[in-house]
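Reviewing the structure listed below.
The numbers here are math on the coordinates, done by the rules we state, and not lab data. Remember, predicted model here, so these are calculated numbers, not experimental data. As a convention, Cβ positions derive from the backbone with ideal geometry for all residues, glycine included, and neighbour counts pool all protein chains shown.
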Amino acid sequence: ADYETIKVEQHGRVTLITLDRPNALNALNSQVLADLLDAMAAFDADPEQGCAVITGSEKAFAAGADIKEMQAQGFADMYGSDFFAGWDRFTRTRKPVIAAVAGYALGGGCELAMMCDFILAADTAKFGQPEIKLAVSPGMGGSQRLTRAVGKAKAMEMCLTGRMMDAEEAERAGLVSRIIPAADLVEEAVKTATTIASMAPLAVLANKEMVNAAFETGLQQGVQFERRLFHGLFGTEDQAEGMSAFVEKREGQWKGK
Ligand code: HXC
């Protein structure tokens, strides 16, 4: 499909989505949301696709929600339309999604990156929740996901001052999994996604689901959830194949069942 605000390419089993509103530093307006939701639904439903990468430009992953779109809105508009609720659907994507962030990931841009399963950062990446400077606050999950990712002290300071974190600080704080030289970011992200997409598909879904459960449950309940999913994978043909392939010193051939 052709989209107005994003570019979608397939690299083998990897879907690469590039935010493409260069004149607005990829600010996330309702068209970007609609385009992304459509592309993500197609990706999730396609058995030939195993992992997605979302990236922006060298200058900006995304500089936030679109301020010009929100400027004239009042409480009744925002509350009445449950503005930003559509992003919940993005987070229900079952297959893994990697954010590959170069340049600015601010406000909604930082929040979108945090909705992905993990963040690979270029050495040029800058993360921030500067909404307070506009007399508002994060609205796409930033106060919750940033706090879970980096802890209260840094999350509180960033939301209250609007200051940015560079890639080094973001890695130290656990916001990003790795830093990559900017010139290699997308290639390395696609390579990482290709590795994930080469794994047995049901095991990929289960691994994502159980890590995410850590944010929704107590420890006992989370460990039990993990164990039940682990038991469930022993009902798949791919488990038998994976273990036989190891014993026979060959690569597993997955069926996705
Ligand atoms: C709409 C935006 C935008 C945004 C940038 N632009 N960010 N348009 N929404 N969030 C537009 C600018 O208006 C400008 O358009 C063009 O993109 C280039 O931006 P410049 O500011 O000229 O670039 P530069 O000087 O390099 O500065 C980069 C920047 C700055 C530091 C990232 O653009 C910036 O501070 N942006 C806003 C960051 C922010 O506050 N984000 C949070 C948004 S609120 P023209 O037409 O002038 O060329 C949010 C959370 C939602 O995301 C929760 C409720 C609010």
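Numbers below:
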| quantity | calculated |
| --- | --- |
| Order by protection proxy (mean Cβ within 10 Å, highest first), peptides 58-65, 224-231, 188-195, 153-160 | 58-65, 188-195, 153-160, 224-231 |
| Long-range Cα-Cα pairs in the chain (distance over 32 Å), rounded percent | 24 |
| Segment 76-190, relative contact order in percent, only Cα pairs under 8 angstrom and at least six apart counted | 28 |
| Gyration tensor (alpha-carbon) shape descriptor, segment 121-257, a/c threshold 1.5 | oblate |
| ³J(HN,Hα) computed for each position of segment 199-204 - Karplus, 6.51 cos²θ - 1.76 cosθ + 1.60, integer Hz, glycine/proline x | 7, 4, x, 6, 5, 4 |
| Taking the chain and dividing mean pair separation by its residue count, relative contact order in percent (alpha carbons under 8 Å, at least six apart) | 16 |
| Packing-based ranking, highest mean first, of 86-92, 113-119 given that Cβ atoms within 10 Å are counted | 113-119, 86-92 |
| Nearby aspartates and glutamates by direct alpha-carbon distance to residue 255 (threshold 18 angstrom, same-chain neighbours under 8 apart not counted) | 44, 46, 48, 237, 238, 241 |
| Within the chain, percent of DSSP bridges classed antiparallel, to nearest 5 | 25 |
| q = 0.21, 0.23 Å⁻¹, segment 70-195: log10 I(q)/I(0) [Debye, one scatterer per Cα] | -1.21, -1.35 |
| Considering only segment 49-201, percent of DSSP beta bridges that pair antiparallel, nearest 5 | 10 |
| Unsatisfied cross-links (Cα-Cα over 32 Å) in the set 126/191; 133/208; 126/249; 208/249; 68/126 | 133/208; 126/249 |
| Helix 30-45 vs. the chain, principal-axis angle (Cα, 0 to 90°, nearest 10) | 0 |
| Lys, Arg +1 and Asp, Glu -1 on Cβ, resulting dipole of segment 79-221 about Cα centre, debye, nearest 20 | 280 |
| About the Cα centre, charge dipole magnitude for the chain (Lys/Arg +1, Asp/Glu -1 at Cβ), debye | 660 |
| Solution diffusion estimate, µm²/s, Stokes-Einstein, segment 11-119, Kirkwood Rh from C-alpha pairs, 20 °C, viscosity 1.002 mPa s | 150 |
| Protection-proxy order for peptides 32-40, 144-152, each taking the mean of Cβ atoms within 10 Å per residue, highest first | 32-40, 144-152 |
| Hull-based mean projected area of segment 79-145, where the convex hull spans the alpha carbons, in square nanometres | 5.0 |
| Segment 166-203-segment 28-99 distance, computed between alpha-carbon centres (Å) | 20 |
| Segment 173-257: relative contact order as a whole-number percent, Cα under 8 Å and 6+ apart | 27 |
